[in-house]
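Remarks on the structure that follows.
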Amino acid sequence: MTTKQEAADAVLAAKTRLGLSWAQLAETLDAPLAWTTSALLGQHPVPAEKAAKAVQVLELAEDVEAALRLQPTRGALADPVPTDPTIYRFYEVLQVYGPTIKELIHEQFGDGIMSAINFKIDVGRREDPGGERVVVTMDGKFLKYQWG
């Protein structure tokens, strides 16, 4: 049986082979961009209908479809994390969405990184009928890798 990681690897290879963007895949699946990217990278279970559509457009096998539908073991970072609950939650966010953020930065900007030096962050509060929301906005300058 294909694992979630093997399915993610197959998705990335097919996406590259077919010249598709994450935005195109999200539109095809009628799902949000970040969720689609994260889900196809193995960080979310993909509903059956969306998994079937994904493997169809990516020209992948049924075993990949089955793996996409599995409940994932979330987290792509192997390093130990702090135990402070507030700080840990940010590590949790990066474990689940870090590969997605990286993919989207590279897709939209090219080979480079978001600066944590030339960087702004805003933490705000937003009222919501379901309970108060924490709004964190990160704004970092794009730094292109320069070789040589």
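Structure above, values below:
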quantity: Test: ALA7 is touching a helix residue (DSSP H, G or I) at 6+ places or on another chain (Cβ under 9 Å), open to solvent by 40 Å² or more (accessible area, probe 1.4 Å), small (Gly, Ala, Ser) and assigned to a helix (DSSP H, G or I); calculated: no
quantity: Filter result for ALA31 (assigned to a loop (DSSP other than H, G, I, E, B), open to solvent by less than 80 Å² (accessible area, probe 1.4 Å) and within 25 Å of HIS106 (Cα to Cα)); calculated: yes
quantity: Residue match in the stretch 31-39 (condition: under 22 Å from GLY98 (Cα atoms), aliphatic (A, V, I, L, M) and out of contact with any helix residue (DSSP H, G or I) (no Cβ under 7 Å at 6 or more places or on another chain)); calculated: yes
quantity: Filter result (in contact (Cβ under 8 Å) with a residue 60 or more places away in the chain and either under 11 Å from ALA8 (Cα atoms) or surrounded by 21 or more Cβ atoms within 10 Å (Cβ to Cβ) (or both)) within the stretch 34-61; calculated: THR37, SER38, LEU41
quantity: Residue pairs meeting the criteria (Cβ under 7 Å; at least 6 apart or on separate chains; first touching a residue at least 40 places away in the same chain (Cβ under 8 Å), in the stretch 96-109; second assigned to a helix (DSSP H, G or I) and of a type in the set (Ser, Thr, Tyr)); calculated: VAL96/SER38; TYR97/SER38; THR100/THR37; THR100/SER38; GLU103/THR37; LEU104/THR37
quantity: Subset tally (residues that are in a helix (DSSP H, G or I) and more than 14 Å from ALA39 (Cα to Cα)) for the stretch 103-112; calculated: 5
quantity: Within the stretch 80-106, considering residues that are surrounded by 14 or more Cβ atoms within 10 Å (Cβ to Cβ) and among the acidic types (Asp, Glu), the one farthest from LEU41 (Cα to Cα); calculated: GLU92
quantity: Filtered residue count, the stretch 62-79, keeping only those that are modelled with pLDDT of 95 or more and either open to solvent by less than 70 Å² (accessible area, probe 1.4 Å) or at positive phi (or both); calculated: 6
quantity: Condition met for ALA23 (assigned to a helix (DSSP H, G or I), of a type in the set (A, V, I, L, M) and surrounded by 15 or more Cβ atoms within 10 Å (Cβ to Cβ)); calculated: no
quantity: Unmet criterion (only one of (1) within 30 Å of ALA14 (Cβ to Cβ); (2) without any contact (Cβ under 8 Å) to a residue 60 or more places away in the chain) for SER115; calculated: (1)
quantity: Set ALA26, ALA51: member being closer than 21 Å to THR3 by Cβ and either over 16 Å from the mean Cα position of the chain (by Cα) or modelled with pLDDT of 95 or more (or both); calculated: ALA51
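The values are calculated or read from the model by the stated rules, or taken from the named source; none is laboratory data. Remember, predicted model here, so these are calculated numbers, not experimental data. All Cβ positions, glycine included, derive from the backbone under ideal geometry; neighbour counts span all protein chains shown. In case anyone asks, the SASA skips ligands and DNA or RNA and just uses the protein heavy atoms, side chains included. Shrake-Rupley method; radii C 1.70, N 1.55, O 1.52, S 1.80 Å.
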